[in-house]
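Participant: There's a structure below that I have some questions on.
The values are calculated or read from the model by the stated rules, or taken from the named source; none is laboratory data. Just so you know, these numbers come straight off a predicted model, no measurement behind them. Every residue, glycine among them, receives a Cβ derived from its backbone with ideal geometry; neighbour counts consider all protein chains shown.
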Amino acid sequence: MTIIGARPQFIKASVVSKALRNQGVKEILVNTGQHYDDNMAKIFFEEMGIPRPDYNLGVGSGTHAAQTSASLVGIENIILDEKPDALIVYGDTNATIAGALAASKLHLKLIHIEAGLRSYNRQMPEEINRIVTDVLSDLLFVPTQIAVDNLKKEGIVNGVHIVGDVMVDALMEYTEVAETKSDILDRLAIEKKSYVLLTIHRPSNADNNERIAKILEQVAASKLPVIFPVHPRSRKSAESLIEKVSDHVRLIDPVGYLDMMLLEKYAKMIVTDSGGVQKEAYLHKTPCLTVRGETEWLETVRDGWNYLVGDNLEDISQLMAQFPEPKAWHSHYGDGHAAERIVKILMS
Ligand code: UD1
Ligand code: UDP
């Protein structure tokens, strides 16, 4: 049984569900329904051929306790009915921790995909979700050696497998599809390598009007067109501020994965606070500024493709004007076959 609920989990599950089903594994797919707008959910199922969930818990928006507890109760009921052999959770959202708690209390084998990541910042709700999920997991599929080392520091060594990152699998498969299917650059009338892509959704930025205003002001200083697919969490603040900033910052609705792959690949630069987007920037070899004080994806910073500007927002315009030449690029995150490896280990 697999638990998903938020946008990045739909993307991760797309490749693993396919690999499981190719091996004849019966998968019961449970969507907690944390993300529910068509452009935060449905579009990914359609574009990426994700199987229709067997259950949708319709959890929706709410406080952490409301989302987590509704997911927990719903998942427990389904486990009791369906009696699966094991439960898969992805990443670090409230769906992840709910799945982890439900499975472990019912003595069900728990599998965590994208385990071992740490920001060492417990102000982030995701950090709590990761720590709890990892400590409860029987099998931990990690993307990198840094993740293995993080787990070791917490005494977690059994059941840990480095398999690479399933997001690389998705990126490699769907960027190729996007090249023929997406017309996003034409639709937005932008040229390759002559625009900036902006995404903001972390509560530390999105729920702070002053910070969002500063970020928009800094990004707008570049004079290049800025494309900003607005996550629903930042919608209100971004819309209320945009007129004061500049007319070359363009707010658009969240886009599907195919459009996003091209927007990332052909951007001159990406400014983001997303975990997935900063890593995809590295994979597409697009320079990135991350509007946070720390990152789980240290390799991107060490290689000079990603700068953390969380504490000094004034650095944004300066680094946009002159981004230092990156130092190196390695396949830290795998070769695009992480999902196959995961399924092979599960089968054995
Ligand atoms: C969640 C995850 C975060 C992940 C992000 C991916 C947790 C704790 N956080 O954060 O780790 O990086 O998803 O995008 O699980 N909303 C809508 N429509 C939707 C979904 C949300 O309007 O379809 C609005 C609601 O006002 C909601 C707000 O966005 O209150 C935040 O949504 P929520 O799912 O609580 O958290 P995210 O910020 O999306
Ligand atoms: N993404 C997308 N459309 C958008 C914004 C993001 O398809 O408008 C994709 C992005 O390419 C990445 C994933 O969503 O694969 C990242 O999700 P998000 O930024 O919501 O969450 P995080 O990775 O920070 O948890």
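Participant: Identify, from the list Glu264, Glu243, the residue that is over 20 Å from Ser204 (Cα atoms), more than 16 Å from ligand 1 (Cβ to nearest atom) and in a helix (DSSP H, G or I). Steps first, answer last, please.
Facilitator: Details: Glu264 fails: more than 16 Å from ligand 1 (Cβ to nearest atom).
Being over 20 Å from Ser204 (Cα atoms), more than 16 Å from ligand 1 (Cβ to nearest atom) and in a helix (DSSP H, G or I) holds for just one of Glu264, Glu243, which is Glu243.
Matching residues to (1) in contact (Cβ under 8 Å) with a residue 12 or more places away in the chain; (2) surrounded by 18 or more Cβ atoms within 10 Å (Cβ to Cβ); (3) not in a loop (DSSP other than H, G, I, E, B):
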{"position": "Leu117", "(1), (2), (3)": "yes, yes, no"}
{"position": "Leu140", "(1), (2), (3)": "yes, yes, yes"}
{"position": "Ser194", "(1), (2), (3)": "yes, no, no"}
{"position": "Leu198", "(1), (2), (3)": "yes, yes, yes"}
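Participant: Only one of (1) within 11 Å of ligand 1 (Cβ to nearest atom); (2) free of Cβ contacts under 8 Å to residues at least 60 places away in the same chain; (3) surrounded by 13 or more Cβ atoms within 10 Å (Cβ to Cβ) fails for Thr63. Which number is that?
Facilitator: In the conditions (1) within 11 Å of ligand 1 (Cβ to nearest atom); (2) free of Cβ contacts under 8 Å to residues at least 60 places away in the same chain; (3) surrounded by 13 or more Cβ atoms within 10 Å (Cβ to Cβ), Thr63 misses (3) alone.
Participant: Say whether the condition of being under 24 Å from Met1 (Cβ atoms), surrounded by fewer than 21 Cβ atoms within 10 Å (Cβ to Cβ) and hydroxyl-bearing (Ser, Thr, Tyr) is met by at least one residue in the stretch 99-109.
Facilitator: Taking every residue of the stretch 99-109 in turn, at least one turns out to be under 24 Å from Met1 (Cβ atoms), surrounded by fewer than 21 Cβ atoms within 10 Å (Cβ to Cβ) and hydroxyl-bearing (Ser, Thr, Tyr).
Participant: Please indicate, with yes or no, whether at least one residue in the stretch 15-23 is surrounded by 24 or more Cβ atoms within 10 Å (Cβ to Cβ), modelled with pLDDT of 95 or more and not in a loop (DSSP other than H, G, I, E, B). If you could, list the steps in order and put the result at the bottom.
Facilitator: At the first step, the residues of the stretch 15-23 found to be surrounded by 24 or more Cβ atoms within 10 Å (Cβ to Cβ) are 15-16.
Still in the list and also modelled with pLDDT of 95 or more: 15-16.
Next, from what is left, pick out any that are not in a loop (DSSP other than H, G, I, E, B): 15-16.
Checked the stretch 15-23: at least one residue is surrounded by 24 or more Cβ atoms within 10 Å (Cβ to Cβ), modelled with pLDDT of 95 or more and not in a loop (DSSP other than H, G, I, E, B).
Participant: Going by the structure shown, is Asn39 near ligand 1 (Cβ under 10 Å from one of its atoms), more than 15 Å from Ile97 (Cβ to Cβ), of a type outside the set (A, V, I, L, M) and surrounded by 14 or more Cβ atoms within 10 Å (Cβ to Cβ)? Show your work before the answer.
Facilitator: Numbers: near ligand 1 (Cβ under 10 Å from one of its atoms): yes; more than 15 Å from Ile97 (Cβ to Cβ): yes; of a type outside the set (A, V, I, L, M): yes; surrounded by 14 or more Cβ atoms within 10 Å (Cβ to Cβ): yes.
Spelling it out, Asn39 is indeed near ligand 1 (Cβ under 10 Å from one of its atoms), more than 15 Å from Ile97 (Cβ to Cβ), of a type outside the set (A, V, I, L, M) and surrounded by 14 or more Cβ atoms within 10 Å (Cβ to Cβ).
Participant: Across the stretch 200-230, which residue is farthest from the chain's Cα centre (by Cα) among those that are free of Cβ contacts under 8 Å to residues at least 60 places away in the same chain and closer than 16 Å to Val255 by Cα?
Facilitator: Per the stated criteria, the residue is Val226.
Participant: Among (1) in contact with a Gly (Cβ under 8 Å, 6 or more places away or on another chain); (2) among the aliphatic types (A, V, I, L, M); (3) within 21 Å of Leu108 (Cβ to Cβ), which single condition is Ile43 missing?
Facilitator: (3)
Participant: Residue by residue through the stretch 200-227, note down the ones that are outside any helix (DSSP H, G or I), within 16 Å of ligand 1 (Cβ to nearest atom) and in contact with a helix residue (DSSP H, G or I) (Cβ under 7 Å, 6 or more places away or on another chain). Quick ask: steps written out before the conclusion?
Facilitator: First pass over the stretch 200-227, keeping only residues outside any helix (DSSP H, G or I): 200-202, 207-208, 221-227.
Within this subset, residues satisfying the condition of being within 16 Å of ligand 1 (Cβ to nearest atom) are 200-202, 207-208.
Once the filter is applied, which keeps residues that are outside any helix (DSSP H, G or I), within 16 Å of ligand 1 (Cβ to nearest atom) and in contact with a helix residue (DSSP H, G or I) (Cβ under 7 Å, 6 or more places away or on another chain), the stretch 200-227 yields Ile200, His201.
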